[in-house]
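Working notes, structure below.
The values are calculated or read from the model by the stated rules, or taken from the named source; none is laboratory data. Predicted, not measured: the structure shown is a model, and the values here were computed from it. Here Cβ is always computed from backbone atoms with ideal geometry, including for glycine, and neighbour counts include all displayed protein chains. The accessibility values were calculated without ligands, DNA or RNA, using every heavy atom of the protein model including side chains. Shrake-Rupley method; radii C 1.70, N 1.55, O 1.52, S 1.80 Å.
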Amino acid sequence: QVQLVESGGGLLQAGGSLRLSCAASGSILSINVMGWYRQAPGKQRELVAAIQSDGTTNYADSLKGRFTISRDNAKNTVYLQTNSLKPEDTAVYYCNAVILVHSSIRYKAYWGQGTQVTVSS
């Protein structure tokens, strides 16, 4: 019913920037919060940033100032601008969205397939 498709990952050197995108498609009635998580090898998945439908944002404390989340409600798309990347930012970045689909009465969380970001020193 719903698909989240991420793009924009890649391999780059420390200090570089990437812009990740995630587009939601399908039988969508409404999207509440959209966010980005990441999971490094051997570590738990962690929240990077989230954004409400009204634009209210929330960031992991350690990433404030380097990462910026935004969304385009008309396109059902969320973005993550990542700047001054460090090797420790290397991880698979996952998109998450809480969505109400047609024929449902409850919002449900959906995940994208993930996009790899690798930062070399």
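Could you count how many residues in the stretch 83-109 are in contact with a Gly (Cβ under 9 Å, 6 or more places away or on another chain), in a strand (DSSP E or B) and of a type outside the set (Gly, Ala, Ser)?
8
Restricting to the stretch 15-39, and then to whatever is within 19 Å of Gln81 (Cα to Cα) and exposed (fewer than 14 other Cβ atoms within 10 Å of the Cβ), can you tell me which residue is farthest from the chain's Cα centre (by Cα)?
By that ranking, first place goes to Gly15.
In the stretch 1-14, how many are within 16 Å of Gln81 (Cα to Cα) and either modelled with pLDDT under 95 or within 15 Å of the chain's Cα centre (by Cα) (or both)?
5
Being among the hydroxyl-bearing types (Ser, Thr, Tyr) and in a strand (DSSP E or B) is the filter here, so list the residues in the stretch 30-61 that pass it. Working first, answer last.
Filtering the stretch 30-61 for residues among the hydroxyl-bearing types (Ser, Thr, Tyr) gives 30, 37, 53, 56-57, 59.
Ser30, Tyr37, Thr57, Tyr59, listed by residue number.
Quick check on my filter: what residues within the stretch 49-72 are within 17 Å of Tyr110 (Cα to Cα) and surrounded by fewer than 19 Cβ atoms within 10 Å (Cβ to Cβ)?
Of the residues in the stretch 49-72, the ones within 17 Å of Tyr110 (Cα to Cα) are 49-53, 71.
Once the filter is applied, which keeps residues that are within 17 Å of Tyr110 (Cα to Cα) and surrounded by fewer than 19 Cβ atoms within 10 Å (Cβ to Cβ), the stretch 49-72 yields Gln52, Ser53.
Scan the stretch 17-33 and report the pairs whose first residue is at positive phi and whose second residue is open to solvent by 40 Å² or more (accessible area, probe 1.4 Å), with Cβ atoms within less than 6 Å and a gap of 6+ or a chain change.
Gly26/Gln1; Gly26/Gln3
Residues Lys108, Lys75: which one is closer than 16 Å to Ala23 by Cβ, loosely packed, with under 14 Cβ neighbours inside 10 Å and not acidic (Asp, Glu)?
None of the other options fit; the residue is Lys75.
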